[in-house]
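The values are calculated or read from the model by the stated rules, or taken from the named source; none is laboratory data. Given the structure is predicted, the values throughout are model-derived calculations rather than measurements. Please note: Cβ atoms are built from the backbone with ideal geometry, for glycine as well, and neighbour counts cover all protein chains shown.
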Amino acid sequence: MTTMDWTLGLSAQLGTAIIGRELRFLPSVGSTNDLLKDAARAGAAEGLVLVADEQTAGRGRRGRSWTAPAGSSLLVSILLRPSWLPASDAFLLTMLAAVAAAEALECCGATIGLKWPNDLQIAGRKLGGILVETELRDDHIDWTVLGCGINVNWDPRGDPTLAMTATSLSLALGRQVERRTLLTALLQRLDQRYLALRRGARTALSEAWRARLSMLGQPVRVETPGGVLEGIAEDVTHAGVLLVRSADGVCHPITAGDVTLRVQDSGSQAIG
C-alpha cells in the first residue's frame, strides 16, 4: 500500500526564508538524518527538509535506536550550513532545535519541558528527542543536520515499560493531532530562531533553552562516561554544560551523560 504524501504543497505555504524551501517526503526510511548527511556531503542547499512517514533505523543520543511505525510520529531532518558559527558555539544549534520544537508543540496546546540536553517532555515523560549531527571545516561549521522525532499519534500504554517513561501528543491532549499542522509550526519556528541566531541572538536562545529545563534545582543521578554522579542540578552554562553539585560541595561540569531525577522517598529512579 502506498503512503499518501501528506506534505504536498507545504513548502510553498510556509513563508520561511531558509528552512523548507525544498521539502522531500519519504514513505519509509531507515534514518532521515543519515540520508540528509549524504545529501549535505553531495552539496545540497541549506534549508532542505526530509520528512518520513515511517522510520526503521533512527538513532537517538549515544547511539540508541529510535523506530517509529507508519503514521505515528513526526520524523524530520533539516539541513543547515551555518558557516558563520564557530565550532565552539555548535551546541547553540541543539538549543535552537529543542526550543523551536517546544514552541511548535505549544502551538498545539501542550505544555513542554526539556530534559537536559535535548529531550522533549510532557509532565516528566518523554515526548520526543533531538539529534544534531555536525561536520566541521577548520574552526567553523560546514553543515549541520537537525533531526527531530516526536511521538504524535501513538499510544505507549501497550508496553508497561514504555508507559512509565514515554508519552505522545495525542495521549497528552486527548485527541488526534494533524502532523502537517505540527510540521508547519516546527519549520516556521526553526526558521525564525535560526534567523535570529544568525543576527547574533545567542544569549536570548540559551536563556529560552535554560528556562525550559525541568531538572534545574532538583536532585539528579547522572551516568557519565567516567561513572555515576549524584547531586543537585544547579545550573547550565551558555555552552550547554550541566552543573551538578555533589553532597561534598563540589560542582561538577557535565558535558555528556544520562540524567534522571532522584525520587528521594523511594531511592533513585528514572522518570524522564
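Across the stretch 191-234, the qualifying residues are those that are farther than 17 Å from ASP258 by Cβ, charged (D, E, K, R) and free of Cβ contacts under 8 Å to residues at least 60 places away in the same chain, and the one among them that is surrounded by the most Cβ atoms within 10 Å (Cβ to Cβ) is ARG210.
Restricted to the stretch 148-168, and to residues there that are assigned to a helix (DSSP H, G or I) and among the small types (Gly, Ala, Ser), the residue that is farthest from ALA100 (Cα to Cα) is GLY158.
Yes or no, residue by residue, for (1) assigned to a helix (DSSP H, G or I); (2) over 17 Å from ALA104 (Cα atoms):
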position: ALA172; (1), (2): yes, no
position: VAL177; (1), (2): no, no
position: LEU187; (1), (2): yes, no
position: ASP191; (1), (2): yes, no
position: GLY200; (1), (2): no, yes
position: LEU205; (1), (2): yes, no
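Does the stretch 158-173 contain any residue that is in the same structural domain as SER73 (by TED's automatic domain parsing), of a type in the set (Ser, Thr, Tyr) and either touching a helix residue (DSSP H, G or I) at 6+ places or on another chain (Cβ under 6 Å) or buried (at least 21 other Cβ atoms within 10 Å of the Cβ) (or both)? Scanning the stretch 158-173, I find at least one residue that is in the same structural domain as SER73 (by TED's automatic domain parsing), of a type in the set (Ser, Thr, Tyr) and either touching a helix residue (DSSP H, G or I) at 6+ places or on another chain (Cβ under 6 Å) or buried (at least 21 other Cβ atoms within 10 Å of the Cβ) (or both), so the answer is yes.
Take the conditions buried (at least 18 other Cβ atoms within 10 Å of the Cβ), in the same structural domain as VAL99 (by TED's automatic domain parsing) and without any contact (Cβ under 8 Å) to a residue 60 or more places away in the chain and apply them to LEU187. Does it pass? Before you say what the answer is, go through the steps one by one.
Values: buried (at least 18 other Cβ atoms within 10 Å of the Cβ): yes; in the same structural domain as VAL99 (by TED's automatic domain parsing): yes; without any contact (Cβ under 8 Å) to a residue 60 or more places away in the chain: no.
Spelling it out, it is not the case that LEU187 is buried (at least 18 other Cβ atoms within 10 Å of the Cβ), in the same structural domain as VAL99 (by TED's automatic domain parsing) and without any contact (Cβ under 8 Å) to a residue 60 or more places away in the chain.
Residues in the stretch 58-110 that are of a type in the set (Val, Ile, Thr) and modelled with pLDDT of 95 or more were compared, and the one that is nearest to ARG41 (Cα to Cα) is ILE78.
Against the list (1) of a type outside the set (A, V, I, L, M, F, W, C); (2) more than 13 Å from ILE130 (Cα to Cα); (3) modelled with pLDDT of 95 or more; (4) buried (at least 17 other Cβ atoms within 10 Å of the Cβ), the condition ASP38 fails is (4). Quick check: is even one residue across the stretch 132-139 in contact with an Asp or Glu (Cβ under 9 Å, 6 or more places away or on another chain) and free of Cβ contacts under 8 Å to residues at least 24 places away in the same chain? Checked the stretch 132-139: no residue is in contact with an Asp or Glu (Cβ under 9 Å, 6 or more places away or on another chain) and free of Cβ contacts under 8 Å to residues at least 24 places away in the same chain. Here LEU131, LEU120 are screened, and the one residue that is under 18 Å from the mean Cα position of the chain (by Cα), under 21 Å from ASP38 (Cα atoms) and surrounded by 14 or more Cβ atoms within 10 Å (Cβ to Cβ) is LEU131. Residues of the stretch 1-30 that are free of Cβ contacts under 8 Å to residues at least 60 places away in the same chain, under 20 Å from VAL152 (Cα atoms) and among the polar types (S, T, N, Q): SER28 alone.
Given LEU171, LEU186, which one is modelled with pLDDT under 95 and either in contact with a Cys (Cβ under 8 Å, 6 or more places away or on another chain) or closer than 27 Å to LEU8 by Cα (or both)? Even if it seems obvious, please write down each step before you answer.
On the way: LEU186 fails: modelled with pLDDT under 95.
Going through LEU171, LEU186 in turn, the sole match is LEU171.
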